[in-house]
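Only one structure is covered here, and it is reproduced in the block below.
The values are calculated or read from the model by the stated rules, or taken from the named source; none is laboratory data. Note that the coordinates shown come from a computational prediction; the quantities given were computed from them, not determined experimentally. In this analysis, Cβ positions are derived from the backbone assuming ideal geometry, glycine residues included, and neighbour counts consider all displayed protein chains. We work out accessible area using only protein heavy atoms, side chains counted, and drop any ligands, DNA or RNA first. Shrake-Rupley method; radii C 1.70, N 1.55, O 1.52, S 1.80 Å.
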Amino acid sequence: MTIEPGPTTQPEPPRQPDPTGQQNNAGQPNNAGQPAPKKRKLALILISSVVVLLVIAAAAVVAVNQISGQQRKESLQLLKEDHLSALVDARGKLQPAANTYLAAYKKARNAPASQEEAEKNSQKERDEFQQAAEAARTALKNVQSAHSSGEDGIGVAVGQLEGSYLGFVDHMEGLVESYPEFEGLFRADGAGCNGLFVGSKASTLRERQTLLGQAAAPCREAAEQLKQSKNVAYVEFARTLDNRVAQLESNAEITAKSEENYNEFVRLKDQLVQKTDDATARNASEEELFKIADEAKALNTRIKNNRSEFDFAAKRYLSGVKDMPVLVEEVFSKKIAAEIKSYETVIPLRVQVLKDAVDVELVE
């Protein structure tokens, strides 16, 4: 089967515009005669205005960013060169001011003077230390305000420095604020811990235990107050002191009880001696004599055990009394000195880390 080709259609010739501007070949009105050029001109003007505004806005953004970037660099430069230097200087003045106050207070206390009088006579040095502490806190605030963001490297470095720096300031403030309480613990007119040493005042171990119990109550109250200090060394000392006092009381009770037991054993021994003499005089049986011997053996075992308990408690009691001055001395010679040394090691490292973080951003 052959497929017959279908009818072919000739393409319609393009319509030419009517030169009169009235109608086209299709009979429709021609738009060529309307004011289209004016509309296009207005549209071009509007578009050009928008483009100009966008260019101006973009230039303004660039300028603001440049100004903001420059201000940030100036702020970081100020942070590194001025604020950090002021912070280091402020920290360096804090410890000498604290030492000056401690010396002034102790000198006034040894005049002699009461705690209230000593605090009054060393008020000038106390105020100077407080000014140094406030200057140190202000220096840290200036460092913090120089960099608002806490999420970048500089912010992290500032946060780390803040923790160590405030720890040091709190340590020194606690050292000064709680010094009168610490210094007066073992004074005769102080908190009462001096009354713990009652050995020469007591004629018996039970009397010693009673006097110790009376002195322990105010001493414990003073230790509780010292536990509230912002200085870690004072707090640790107060806790240790509280435990040592409890050990003294426990050992004093054991030795007093052992002494009372010993007096009872002397009485029982005398009874056994008399019982043995009576049994021998009446020619008692071997069974009765063996029974008396067992009683004596049991008594000897009790005496031996009692003596062991007494010796152990007595040695611990004497050791606790002898170690008490050492415990007090080590607060400054070891504990506080170690805390300050730790801060003196960490804080300069934190400062250097912050400087390095600033340098990195300034280079960028």
Can you pull the percent of the stretch 264-312's accessible area that's carbon plus sulfur, 1.4 Å probe, other chains left in place?
54
Place +1 on the Cβ of every Lys and Arg and -1 on the Cβ of every Asp and Glu in the stretch 172-225, take the dipole about the Cα centre, and give the residue among 212, 186, 172 whose Cα lies farthest towards its positive end.
212
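With charges set only on the Cβ (+1 for Lys and Arg, -1 for Asp and Glu), what does the dipole of the stretch 253-364 come to about its Cα centre, in debye to the nearest 20?
Details: 18 positive and 23 negative charges, 74 e Å.
About 360 debye.
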Let's see if you can work this out: charge +1 on each Lys and Arg Cβ, -1 on each Asp and Glu Cβ, no other charges. What is the dipole magnitude of the stretch 99-257 about its Cα centre, in debye to the nearest 20?
720
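Pull out a ≥ b ≥ c, the square roots of the eigenvalues of the alpha-carbon gyration tensor of the stretch 238-294, then state rounded if a/c is under 1.5, prolate if not and a/b is larger than b/c, and oblate in the remaining case.
On the way: a/c = 12.22, a/b = 4.52, b/c = 2.71.
Verdict is prolate for the stretch 238-294.
Among the listed pairs 227/322; 275/304; 227/355; 80/227; 73/141; 120/341, which have their C-alpha atoms separated by more than 27 angstrom in this model?
Details: 227/322 23 Å; 275/304 22 Å; 227/355 37 Å; 80/227 38 Å; 73/141 19 Å; 120/341 31 Å.
Among 227/322; 275/304; 227/355; 80/227; 73/141; 120/341, the Cα-Cα distance tops 27 Å for 227/355; 80/227; 120/341.
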Mind listing the phi-derived Karplus ³J(HN,Hα) values for the stretch 222-229, rounded to whole Hz, using 6.51, -1.76 and 1.60 with θ = phi - 60°, and x for any glycine or proline?
5, 5, 5, 5, 5, 5, 7, 5
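Order 341, 269, most accessible first, counting only protein heavy atoms with a 1.4 angstrom probe.
Sorted descending by solvent-accessible area, the residues read 341, 269.
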With θ set to phi - 60° and the Karplus curve 6.51 cos²θ - 1.76 cosθ + 1.60, what are the ³J(HN,Hα) couplings of the stretch 122-133 in order, to the nearest whole Hz, using x for Gly and Pro?
10, 5, 4, 5, 5, 5, 5, 5, 5, 5, 5, 5
Given a 1.4 Å probe, the accessible area of the stretch 115-265 per residue, as a whole number of Å², is 47
